[in-house]
Amino acid sequence: MFDSLDHDLKATVVTWEARPGGWQTLQFDFGTWDDSALPGLVEWSGAPACVAQINDSDVALVTGLDVTGRRWQAWLNPDVAARLRAEEPEDLEDQLLWLDTPEFHDAVGHQRAEIEAEIPADAEGAVAWAATAGLPVAPPPPVRVEELLRSHESSVEDLFSTLLDKLGFPPAADLSPAPCEAKDRQTG
């Protein structure tokens, strides 16, 4: 699956969390992997997959895809996501000045309301996605996932791991990053 990555790029891939049952979480450098690669990964693995695009450990957009092609997305740390999604005026000269205006706070409030309104559907999508994984534990009711999607925990990496736990994936065996052990990987 990762054959299309050049050797230097493969060297940056680390196994982040291994979970019983063959489930893996890999960590890529920013911009190396995104949700456009999910269909290929799902086809290759025959299993649902997701990607969390993480920005400075503060916010993440998680996208999942199951084997039927059903897709879901959810933000982790919605307050930061709302600030990122707030549209800047076209004639903006100084971003720092914009951040201290009532217009910025109104724009953030509007984005936060949009994200909040999407959380129930996002949670339902995540639960439906996890149900297709054939896990030994049934996913929780969406309301339990909604709580996590509303969380303000500072580390979205921890939130992402907790989301997978909450969805019924087996607990991670090791939380420390280690070099990726891919079959086709060559070491120098």
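The values are calculated or read from the model by the stated rules, or taken from the named source; none is laboratory data. Please read these numbers as outputs of a predicted model, since none were measured by experiment. Positions of Cβ are generated from backbone atoms using ideal geometry, with glycine treated the same way; all protein chains shown enter the neighbour counts. What goes into the accessible areas is simple: the full protein's heavy atoms, side chains included, and nothing from ligands, DNA or RNA. Shrake-Rupley method; radii C 1.70, N 1.55, O 1.52, S 1.80 Å.
So which residues in the range 59-84 are open to solvent by 20 Å² or more (accessible area, probe 1.4 Å) and not polar (S, T, N, Q), if there are any at all? Full working, then the answer.
Keep residues of the range 59-84 that are open to solvent by 20 Å² or more (accessible area, probe 1.4 Å), which gives 61, 67-71, 73, 75, 79-80, 83-84.
Scanning the range 59-84 gives LEU61, VAL67, GLY69, ARG70, ARG71, TRP75, ASP79, VAL80, ARG83, LEU84.
Residues of the range 107-125 include none that is at pLDDT below 90, on the phi < 0 side of the Ramachandran plot and either part of a helix (DSSP H, G or I) or crowded, with 18+ Cβ neighbours inside 10 Å (or both).
Within the range 36-52, restricting attention to residues that are within 14 Å of the chain's Cα centre (by Cα) and surrounded by 15 or more Cβ atoms within 10 Å (Cβ to Cβ), the residue that is modelled with the lowest pLDDT is ALA37.
Within the range 85-97, the set of residues being modelled with pLDDT of 75 or more and open to solvent by 100 Å² or more (accessible area, probe 1.4 Å) comprises GLU87, GLU90.
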